[in-house]
Amino acid sequence: MFYACFYFYCYTMKFYGIISIIFLNKIVSAQNWSYSRPDEWPGECQRGNRQSPININFKNTIMEMMRPIEYVNYDRDFVAVIENEGYTLALKFDNECCDKPSIRGSVIQSDYTLHNIHFHWAAEHTINNRRYPLEAHFVHYKTEAGNLTNALNFGDGVVVLAVLYELSEISNDVFDVITRTVDDVAHRVNQPVQLDAKISPESLLPENLDNFFAYQGSLTTPNCNEVVTWIVYSQPAEIEESQLEKLSDIYTEDDKRLVQNYRPLQAVNGRGVLYTRGNYI
Ligand SMILES: [Zn+2]
């Protein structure tokens, strides 16, 4: 009887333990920040002095001759999933075929592995105060850190490739593959769904990869860690308006339409922004 009670007690405790873990996870994963109140974002978002995004004023950039970035496995077709993360739509690649895509070279001092590609509507960075309707972030963590969470402890832990998109009359095939599955995740936060065709990371990049801006900044979502080397391509890629509408038809955890998900522009604070046209030697 003692043991029965004891076991029952254990069972009860275990049950409540599981419930409280689920509850706690719910609290931790629930958004305690929103795009409607960026002034209340925590951590370095308020205190930092090299925050992102910024307006890139072309006449203030520093022209540098640089070698091009090396893109490893960017041209391979990967099985991919999309996930509604409640504040963005993210794309992740399965590495069953080969090593994960990675980048190195040029302004990038070591090897960085692709974590995900996600989207902001409208764009977060502006060029000469022009704001494009969409921006993709190719988030990479320092390969030696092993994952994105660990990489946040390195001063140079993260490299983000930022692609701006302008509207086009012609639809972009890769967005057709993504938007075909958006309905399956639109109202389901943190429940990834596999795309019905393989895609390559390269298919989301602009044609001209040699011309880009580079500067030191932060994550553009809490906690706005100042560990990011930003590469912003100066040539936009293209998306058709109906594709953009579908891509951004995403709902938050409270099932409210995520109308926009870009952070306001941050002060440059004298940071140098490099510009290269690939005129390397
Ligand atoms: Zn982003």
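Taken together, the values in this text are just the output of simple stated rules run on the coordinates, not laboratory data. None of the values given here were measured: they were computed from a predicted structure. Every residue, glycine among them, receives a Cβ derived from its backbone with ideal geometry; neighbour counts consider all protein chains shown.
Odds and ends about this structure:
- Antiparallel bridges, percent of DSSP beta bridges restricted to the chain (to nearest 5): 75 percent
- Over the chain: helical MRE at 222 nm, DSSP H runs n ≥ 4 each giving -39500 (n - 2.57), nearest 500: -5500 deg cm²/dmol
- In terms of the mean number of neighbouring beta-carbon atoms within 10 Å, the peptides 261-269, 87-95, 159-167 order highest first as 159-167, 87-95, 261-269.
- Computed magnitude of the charge dipole of the chain (debye, nearest 20; Cβ of K, R +1, Cβ of D, E -1): 1040 debye
- Per-selection Kirkwood Rh - the chain (Cα, Å, 1 d.p.): 20.2 Å
- Cα long-axis angle, helix 2-29 against the chain (0 to 90 degrees, to the nearest 10): 20 degrees
- Computed over segment 180-241: relative contact order in percent, which uses C-alpha pairs under 8 Å that are six or more apart: 27 percent
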